[in-house]
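The values are calculated or read from the model by the stated rules, or taken from the named source; none is laboratory data. This structure is a prediction, so every number in the text was calculated from the model and none was measured. Cβ: placed from backbone, ideal geometry, glycine included. Neighbour counts: every protein chain shown.
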Amino acid sequence: MQAKPREEVVTGIYLEPVPITVGDEVKIEYRGELAKNNADQIYLHIGFGHQKWHDVQDIAMQKTGDRRWMATLRITDNSCFNFCFHDSAMNWDNNNGRDWTYEIHEGHPVRH
């Protein structure tokens, strides 16, 4: 089976693997604006669902280098994976209010 690639979501945000399948361990690396502004802590803000998010949580990211932060989570929901970022001062990097969203697959594309 061929390995799934890492994808640069936008400049400074990386997601692996893509596409995302239920059960995958997803790694998100963040080098965005909050990191560039030397935040003392960055959180990955996640939720699942299409219109309204459910299972919303904040995951403290680990600093892995100069202005680099990483978080890992297991995908257990088969809808949409939604995420954005904030720091401890509640400054947000959220794609201008649109967040980032990825469809989750069950080994094949899910039909909605």
Report yes if residue 76 is touching a Gly at 6+ places or on another chain (Cβ under 9 Å), in contact (Cβ under 8 Å) with a residue 60 or more places away in the chain, closer than 18 Å to residue 101 by Cβ and of a type in the set (S, T, N, Q), otherwise no. no
Give just the number: which of (1) among the aliphatic types (A, V, I, L, M); (2) at pLDDT below 95; (3) in contact with a Ser or Thr (Cβ under 6 Å, 6 or more places away or on another chain) does residue 70 not satisfy? (2)
Within the stretch 79-88, does at least one residue satisfy the condition of being part of a strand (DSSP E or B), more than 26 Å from residue 36 (Cβ to Cβ) and of a type outside the set (Val, Ile, Thr)? yes
Taking the stated definitions as given, is residue 25 under 22 Å from residue 107 (Cβ atoms) and at pLDDT 95 or above? yes
Filter the stretch 62-80 for residues that are charged (D, E, K, R) and closer than 14 Å to residue 27 by Cβ; the one that is nearest to the chain's Cα centre (by Cα) is 74
If we scan the stretch 42-60, do we find a residue that is at positive phi, of a type in the set (Asp, Glu) and either exposed (fewer than 12 other Cβ atoms within 10 Å of the Cβ) or under 15 Å from the mean Cα position of the chain (by Cα) (or both)? yes
Looking at 9, 18 in this structure, which one is surrounded by 12 or more Cβ atoms within 10 Å (Cβ to Cβ) and either assigned to a loop (DSSP other than H, G, I, E, B) or modelled with pLDDT of 95 or more (or both)? 18
Can you find, within the stretch 61-112, the residue that is farthest from residue 19 (Cα to Cα) among those that are surrounded by 13 or more Cβ atoms within 10 Å (Cβ to Cβ) and of a type in the set (Asp, Glu)? 87
Subset tally (residues that are in a strand (DSSP E or B) and free of Cβ contacts under 8 Å to residues at least 24 places away in the same chain) for the stretch 32-55: 2
Please work out which one of (1) of a type in the set (Asp, Glu); (2) assigned to a strand (DSSP E or B); (3) surrounded by fewer than 19 Cβ atoms within 10 Å (Cβ to Cβ) is the condition residue 29 fails and give its number. (3)
Can you tell me which residue among 104, 59 is modelled with pLDDT under 95 and either more than 14 Å from residue 33 (Cβ to Cβ) or not basic (Lys, Arg) (or both)? 104
